[in-house]
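Okay, structure first, notes after.
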Amino acid sequence: MTRNTFVRLTLVPAIALLATLALVSIGGAIWFALSNRTLRSPDYDFVGAYNFLRLLRDSRFFNALEISALWEVITVSGTLGLAVLLSVLIYETVQKPLWRNLICFAFLVPVLLPRVAAAFIWRFMYSPSLGVINYLCGLLGIGPVEFLADPSLALMSVAVVDIWQWGLFFTVIVLKLMETLPRDPIEAAMLDNARRWEIHAYVTLPMLKGPLISLALVKAVESLRSFDLIFVMTGGGPGKATETLDLYAYQMGINMGGRISYASAMSLLLLLVTTIAFTIIWKAGKKWAA
Amino acid sequence: MANITCSSIVKSYGDYPVIDGLNLDIPDHEFVVFLGPSGCGKSTMLRMIAGLETVTGGRIEIGGTDVTDLPPGDRGVAMVFQSYALYPHMSVADNITFGLRRQGLPKAEIAPRLTQVADMLGLAPFLDRRPKNLSGGQQQRVAMARAMIKTPKVFLFDEPLSNLDAKLREKLRTEIRKMHLQLKTTTIFVTHDQLEAMTIADRIVLMRDGAIEQMGTPDEIFERPASHFVADFIGTPAMNFIDATIEPGHVARSGSIALSLSRDLFPGLRPGQKVELGLRPASMDLVEPGAPNAIAGRVVLVENMGAEGQVITEVDGREISFVTAQFRRVKPGDAVRFALRPDQIHAFDPVSGRSLLGA
């Protein structure tokens, strides 16, 4: 058996399974999106592009699109920003390997928590009457703050939970990456009069550009799957302040309306938009990392 | 311009001192080579002068200023690393000017200095390239340019040529020497290659186990090695060592070998004294029968080195080698006689290993 046949043979089962799962559901979604099915009645007609055309006039859809984009930007930049900041801080201040490992271990705990559990814990902590965060705010003379009920704060408050889970996890990864960097260029920068923060801004972090871009992409994909977190914490509210596309599709198709065809059209648009967006980001990222 | 003074330098890792009370004075403009086997502390010493390694005890002064506790960037030193340590994501031009930009120099001042340094090292065509698109020799030149452009008080080289092939090493060695003749900046160059040290140094500091074994010009070190260790470390092919006993008439005897020594160089030798003789292969040559100070041996192996050849012989069951231009006349199994002048024989104390010169 040549190497190539071996590679093909071992790849076929997994790819076949994936392709079946993906193609069947996409095919089903397209089939639904072209009709006017609802969960209330078994009758349906083919309506062509009607669902898609209606979506383009649906302001709640565009709101959800905007919230989704905002959610992506906030969680990805927040996660990476926190990870870079904390890892540089630990790299500079904690020298003992034992302490570093203990910190890393502690930072891994949040991401091990099921997201639904994290959502419930934080929802309780955010509570205006019972929550520890509002208790602390009270000590400072602020509040009580309606973190999840205030439309201007809700999205940020939920994002904090996501960043708490993933930012600390990414801190561990970035710190370990920094530890693998060669010492010589850092020492050369020290001899070149670079201050501490300049060494990181101009030498260590640029040397990690490739891995950081990969982490950003991983987090961007991960952030698309935040349905559970948002659903438990706010259910998309208050109003539609935290309603991302997947939440809106769920509300439309299953929860409130049962308009399964309309929701399918929305999911297809979401698939299209993310595919295009990620292709562009991926290409740009590769160019930038080179 | 700056002289360097190191007084009572101590460096310990935990309880284990790697350098213990080292004193060293390097005058302004001098090109000094730290030479020694790996683990002798030469790189540690250099890194302490650079400020990349903390000093456990003692003081380091550069140009009269105590720099012992100054950060590396404030010491006025520039360093070239063995790995070149270029910033991989920056262009050659950005690599070279990084230090000046960190000092906050205006662009108008940096540009002409970059042009000058790049021209001097032949880097002008490569300024826009990334380091990974350069050959090893070009990368090393970029590292040198990055050090030169800062016009430092002191240049530090940490085994800068070790990663290059032999031909390029020789070429860059000459360039570094020429650069020093032109700039006259005080330079410390670390290497474990004794030939490199001999060819490039004004003065060699030969180190062993964290201490200075001998300090002197290449000639001094080669011709008057202070100890068995120095004699053994310097010179290719390596020196022959023979245990011998002094006999009346200032003659050292070991089995069939009897060599008369110079009374001027070794006035203190007494009959019966045990010595270790050091005979450089390059000081000896084939002689006719009857010549004085001759050693008779049987050829084991002839190594062709081009213009000369090393002849390895067996004398009383031990191997002694010498170098001769007439190596093509001899072949394994031949009986040969070779000799050297009394003033070219070195003698060491067999216990302490110190040279018996003048003793």
Please work out which residue is nearest to the other protein chains (Cβ to nearest Cβ), limiting yourself to segment A:191-203 and to residues that are in a helix (DSSP H, G or I) and either surrounded by fewer than 20 Cβ atoms within 10 Å (Cβ to Cβ) or of a type in the set (Asp, Glu) (or both).
-> A:Glu198
Please work out if A:Ile213 is within 14 Å of chain B (Cβ to nearest Cβ), touching a helix residue (DSSP H, G or I) at 6+ places or on another chain (Cβ under 8 Å) and without any contact (Cβ under 8 Å) to a residue 60 or more places away in the chain.
-> no
Those residues of segment B:104-135 which are in contact (Cβ under 8 Å) with a residue 12 or more places away in the chain and farther than 23 Å from B:Gln182 by Cβ, in sequence order | B:Asp128, B:Arg129, B:Arg130, B:Pro131, B:Lys132, B:Leu134
Within segment B:249-268, identify whether any single residue is touching a strand residue (DSSP E or B) at 6+ places or on another chain (Cβ under 6 Å), of a type in the set (Asp, Glu) and within 25 Å of B:Arg224 (Cα to Cα), and answer yes or no.
-> no
Scan segment B:99-110 and give yes if some residue there is within 14 Å of chain A (Cβ to nearest Cβ), at negative phi and in contact with a strand residue (DSSP E or B) (Cβ under 9 Å, 6 or more places away or on another chain), otherwise no.
-> yes
Which of the residues spanning segment B:73-94 are in a helix (DSSP H, G or I) and either touching an Asp or Glu at 6+ places or on another chain (Cβ under 6 Å) or at the interface with chain A (Cβ under 9 Å from one of its Cβ atoms) (or both)?
-> B:Gly73, B:Asp74
Taking B:Ala307 as meeting all but one of (1) surrounded by 12 or more Cβ atoms within 10 Å (Cβ to Cβ); (2) of a type in the set (Gly, Ala, Ser); (3) part of a loop (DSSP other than H, G, I, E, B), write down the number of the exception.
-> (1)
Being under 29 Å from B:Gln139 (Cβ atoms), in contact with a Lys or Arg (Cβ under 6 Å, 6 or more places away or on another chain) and surrounded by fewer than 18 Cβ atoms within 10 Å (Cβ to Cβ) is the filter here, so list the residues in segment B:55-90 that pass it.
-> B:Gly76
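Table: residues versus (1) closer than 30 Å to B:Arg318 by Cα; (2) in a loop (DSSP other than H, G, I, E, B); (3) not aromatic (Phe, Trp, Tyr).
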residue	(1), (2), (3)
B:Pro152	no, yes, yes
B:Pro160	no, yes, yes
B:Leu168	no, no, yes
B:Thr174	no, no, yes
B:Thr199	no, no, yes
B:Phe222	yes, no, no
So A:Leu39 clears everything in (1) hydrophobic (A, V, I, L, M, F, W, C); (2) outside any helix (DSSP H, G or I); (3) free of Cβ contacts under 8 Å to residues at least 24 places away in the same chain except one condition, right? Which one?
-> (3)
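Just so you know, all these numbers are worked out from the coordinates, no wet-lab data involved. Please read all numbers here as calculations on a predicted model, not as lab measurements. FYI the Cβ positions are ideal-geometry reconstructions off the backbone, even for glycines, and counts take in every protein chain you see.
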